[in-house]
Amino acid sequence: ADPTSLEVEADINESYIARIELGQPASIRVDAVPDHEYSGSLRQIVPTADRQRAVVQVKVTIDDRDERLVPDMSCTVTFLQEGTDQAALEAEPKVLIPAAAIVTEGGRSYTWVVRDGVLVRSSIELGLEQDTDFEVLSGLSGGETVVRQPSAELVEGMRVREVS
């Protein structure tokens, strides 16, 4: 196989597809090459979704590919914001929230925060996805207690008891 023609095919949760755009830079970690992080960019968003898995396939060009890459290797792709390199992402302290704690309604995201035993709905702006978490750009400062899997019955001001 010609390593200069390799690209990554990745599945993105369909609810996050609006957050990425063609040409967006990406960081690529290949499981078989743990000591190197490749850089790339989003080349294509395949215009069909997998209904069963609720994902959309994307194709990412690898800019700095080398002979260690071969077809069908598994990897993890992280989409970067324009003008952000991986070192900057790792250097800045981040507030992360589990994906299961995020509620999206009408294109806006929020989470339920527990303050003094009372539920407070907190609007949040999300950044990059990191494994099963999302970076919170605004709306949380860090250290808050959030409801991990909120039900539709929750209402602002409801008294709750924390459970670990």
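The values are calculated or read from the model by the stated rules, or taken from the named source; none is laboratory data. Source: prediction; values computed, not measured. A quick note on method: Cβ atoms are made from the backbone with ideal geometry, for glycine too, and the neighbour counts reach across all protein chains shown.
Brief remarks on what is shown
- Selection within segment 112-164: residues that are surrounded by 12 or more Cβ atoms within 10 Å (Cβ to Cβ) and among the acidic types (Asp, Glu). The member of this set that is farthest from Ser15 (Cα to Cα) is Glu144.
- Yes/no for Pro34 being modelled with pLDDT under 90 and not aliphatic (A, V, I, L, M): yes
- Options Ser27, Ser41; residue that is touching a Gly at 6+ places or on another chain (Cβ under 7 Å) and either without any contact (Cβ under 8 Å) to a residue 12 or more places away in the chain or surrounded by 14 or more Cβ atoms within 10 Å (Cβ to Cβ) (or both): Ser41
- Segment 146-164, residues that are of a type in the set (Ser, Thr, Tyr) and closer than 21 Å to Glu105 by Cβ: Ser151
- Hey, Glu129 part of a strand (DSSP E or B), among the acidic types (Asp, Glu), modelled with pLDDT under 80 and on the phi < 0 side of the Ramachandran plot or not: yes
Per-residue answers, yes or no, for (1) at positive phi; (2) in a strand (DSSP E or B); (3) at pLDDT 85 or above:
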residue	(1), (2), (3)
Leu42	no, yes, yes
Thr48	no, yes, yes
Pro71	no, no, yes
Thr76	no, yes, yes
Gln81	no, no, no
